[in-house]
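Undergrad: Structure provided below as structure tokens; questions to follow.
The values are calculated or read from the model by the stated rules, or taken from the named source; none is laboratory data. Because the structure is predicted, anything quoted here is derived from the model rather than measured. With ideal geometry, Cβ positions are generated from the backbone for all residues, glycine too; neighbour counts draw on all protein chains shown. Only protein heavy atoms, including side chains, enter the accessible area calculation; ligands, DNA and RNA are left aside. Shrake-Rupley method; radii C 1.70, N 1.55, O 1.52, S 1.80 Å.
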Amino acid sequence: MTPVRPRTPGRILLLGGGSEIGQEILRALDAPAGSEVILAGRDEQRMAELGSELPYTVRTVPYDATALDTHQRLIDELFAAGPIDLVISAAGVLTPQAELDTDPRAAGTLIDTNLTGHVTALLAAVPHLRAQRRGLIVVLSSVAAVRPRRANFVYGAAKAGLDAFARGLADALHGSGVRVLLVRPGFVIGRMTAGMPPAPAATTPAAVGAAVADAVRSGAPVVWVPRKLGLLWLGLRLVPRPLWRKLRR
Ligand SMILES: NC(=O)c1ccc[n+]([C@@H]2O[C@H](COP(=O)([O-])OP(=O)(O)OC[C@H]3O[C@@H](n4cnc5c(N)ncnc54)[C@H](OP(=O)(O)O)[C@@H]3O)[C@@H](O)[C@H]2O)c1
């Protein structure tokens, strides 16, 4: 696997530009001075504030993961301005399952945000990346993708779909010069999980950022954060269903 370590300034696109994990990935990447970062998201003011703290040239663009019809045009416009070396797909929402149980439309929005929007935006980017013959796509999956839990099964379904999409895309791009890095964090203490008691082996956005930056440099195709979750979830897949369904979270 060819390691990706740009020595010349490049362009990086963060879809879900306000993501705490996304911001930490950008920081940890330590990209060369002069690199341009495009923060694509809903809250341009917040993204501008976050961007002012990054050591890069930063611009913000409006991006709504659920506005599926807008993704092709946005991506085409961004690539028309020049090659993009790294696309990080980080948009996500973690709506409590209890709310989704009484609001199926909100469940649909969660699926659009965590799955469908990634698919439409990334498939729009793929022909451009193929034409460049280089580039890396980082996809923020989750351990929730591995086995659905009753406590958040709609979120788990979205992540399972996204995880499968990313693995299939990686195979489809094999040999093209374009790579996919699949990231499976466990519970990350931060904005998305605010107010929730941390799960065992909880981690931080900064730790995810550092692990992703390492994987970008090494060329690894998948990264679990923390790393031990990879082994742990191998075992958890085997827990009998009558026991599994008793899990409260
Ligand atoms: N935190 C965890 O425990 C954890 C664990 C595993 C995987 N992940 C995944 O990692 C990714 C990043 O999460 P995070 O921890 O960085 O949480 P975060 O700080 O809440 O970031 C999520 C980002 O997604 C954006 N977003 C939500 N709906 C959107 C929409 N319709 N259009 C565009 N952007 C939208 C949010 O925008 P606003 O800034 O406008 O709210 C926010 O910037 C997510 O995909 C998440 O599922 C997180």
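Undergrad: Is it true that residue 28 is in a helix (DSSP H, G or I), open to solvent by 20 Å² or more (accessible area, probe 1.4 Å) and either of a type in the set (A, V, I, L, M, F, W, C) or closer than 21 Å to residue 130 by Cα (or both)? Let's see the steps before the verdict.
TA: On the way: in a helix (DSSP H, G or I): yes; open to solvent by 20 Å² or more (accessible area, probe 1.4 Å): yes; either of a type in the set (A, V, I, L, M, F, W, C) or closer than 21 Å to residue 130 by Cα (or both): yes.
In short, yes.
Undergrad: Something else now. State all residues of the stretch 182-238 that are of a type in the set (D, E, K, R) and either part of a helix (DSSP H, G or I) or touching a Cys at 6+ places or on another chain (Cβ under 8 Å) (or both); if no residue qualifies, say none.
TA: Correct list: 214, 217.
Undergrad: Right, here's the next one. Quick one: in the stretch 180-237, of everything that is closer than 17 Å to residue 146 by Cα and among the charged types (D, E, K, R), which residue is nearest to the chain's Cα centre (by Cα)?
TA: Per the stated criteria, the residue is 184.
Undergrad: Looking at the stretch 190-219, which of the residues that are buried (at least 16 other Cβ atoms within 10 Å of the Cβ) and farther than 24 Å from residue 135 by Cα is nearest to the ligand (Cβ to nearest atom)?
TA: It comes out as 190.
Undergrad: Condition test on residue 127, is it free of Cβ contacts under 8 Å to residues at least 40 places away in the same chain, open to solvent by 20 Å² or more (accessible area, probe 1.4 Å) and under 21 Å from residue 170 (Cα atoms)?
TA: The answer is yes for residue 127.
Undergrad: Now, a different point. For the list (1) farther than 23 Å from residue 114 by Cα; (2) open to solvent by less than 70 Å² (accessible area, probe 1.4 Å); (3) part of a loop (DSSP other than H, G, I, E, B), I need the number of the one condition that residue 9 fails.
TA: Result: residue 9 fails condition (2) only.
Undergrad: Also: Given the conditions (1) touching a residue at least 40 places away in the same chain (Cβ under 8 Å); (2) open to solvent by less than 20 Å² (accessible area, probe 1.4 Å); (3) farther than 28 Å from residue 195 by Cβ; (4) more than 14 Å from the ligand (Cβ to nearest atom), which single one is not true for residue 35?
TA: (1)
Undergrad: Related question: Among the residues of the stretch 169-184, is any of a type in the set (D, E, K, R), modelled with pLDDT of 95 or more and crowded, with 20+ Cβ neighbours inside 10 Å?
TA: Checked against the condition, which is being of a type in the set (D, E, K, R), modelled with pLDDT of 95 or more and crowded, with 20+ Cβ neighbours inside 10 Å, the stretch 169-184 yields at least one hit.
Undergrad: Would you mind stating whether residue 62 is surrounded by fewer than 16 Cβ atoms within 10 Å (Cβ to Cβ) and at pLDDT below 95? Don't jump to the end; show me each part of the working.
TA: On the way: surrounded by fewer than 16 Cβ atoms within 10 Å (Cβ to Cβ): yes; at pLDDT below 95: no.
Answer is no for this residue.
Undergrad: Could you say which residue among 22, 18, 51 is within 12 Å of the ligand (Cβ to nearest atom), in contact with a strand residue (DSSP E or B) (Cβ under 6 Å, 6 or more places away or on another chain) and part of a helix (DSSP H, G or I)?
TA: After ruling out the rest, the residue left standing is 22.
Undergrad: Restricting to the stretch 80-99, count the residues that are among the hydrophobic types (A, V, I, L, M, F, W, C), surrounded by 20 or more Cβ atoms within 10 Å (Cβ to Cβ) and not in a loop (DSSP other than H, G, I, E, B).
TA: Going through the stretch 80-99 one residue at a time, the tally reaches 3.
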